[in-house]
Amino acid sequence: MPDVSAAGTYTKDSPGCIGLGATPHERAILFAGSTVGSSCLVQYTDDGGTDRTFSNGTISTLPASITVKANIAVKVVFTGTPDCNFTIAG
């Protein structure tokens with residue numbers, strides 16, 4: 001469960017985030033804490049190399065969750081001053 005206290009991008013290569021890698025299994029990303037900062041986006045990179053936000057991937061209040069059913073790598077992007085954590089289940 002990554003503890004997020006600074007703006008940044010979390011990927012499968014970030015400590016505790018291996019669950020963000022591509023997988024054919026459905027997974028949930030659960031968010032909790034005080035604040036996501038200015039913004040929190042759950043994204044993927046399309047075939048053209050452009051980062052896209054999932055249709056329900058804008059996290060603005062906590063607690064929150066998103067279910068990812070696609071076999072694709074996911075990234076979680078925080079801006080501002082977040083004070084939260086997220087868990088990848090599935």
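Only the coordinates and a few stated rules stand behind these numbers; no lab work does. Only a predicted model underlies this, so the values are computations on that prediction, with no experimental measurement involved. Cβ placement follows ideal geometry from the backbone for every residue including glycine, while neighbour counts extend to all protein chains displayed.
Between Ile66, Ile18, Ile29, where does the largest GNM mean-square fluctuation fall for the chain, given springs only between Cα atoms within less than 10 Å?
Ile18
What FRET efficiency comes out for the pair Ser39/Asp13, r = Cβ-Cβ distance, R0 = 22 Å, nearest 0.05?
On the way: r = 22 Å, r/R0 = 0.99.
The value I calculate is 0.50.
Mind putting together the pair-distance distribution for the chain? All Cα pairs, 5 Å bins, whole percent per bin, short to long.
Going out from 0 Å in 5 Å bins, the chain shows 3, 15, 28, 28, 17, 6, 1, 0 percent.
Between Gly49, Gly80, Gly19, find the one with the highest GNM mean-square fluctuation for the chain; connect C-alpha pairs within less than 10 Å.
In the Gaussian network model the winner is Gly49.
Within the range 1-86, report the trypsin sites (Lys or Arg not before Pro) that DSSP leaves as loop and that have at most 12 other Cβ atoms within 10 Å.
Qualifying residues, ordered by number: Lys69.
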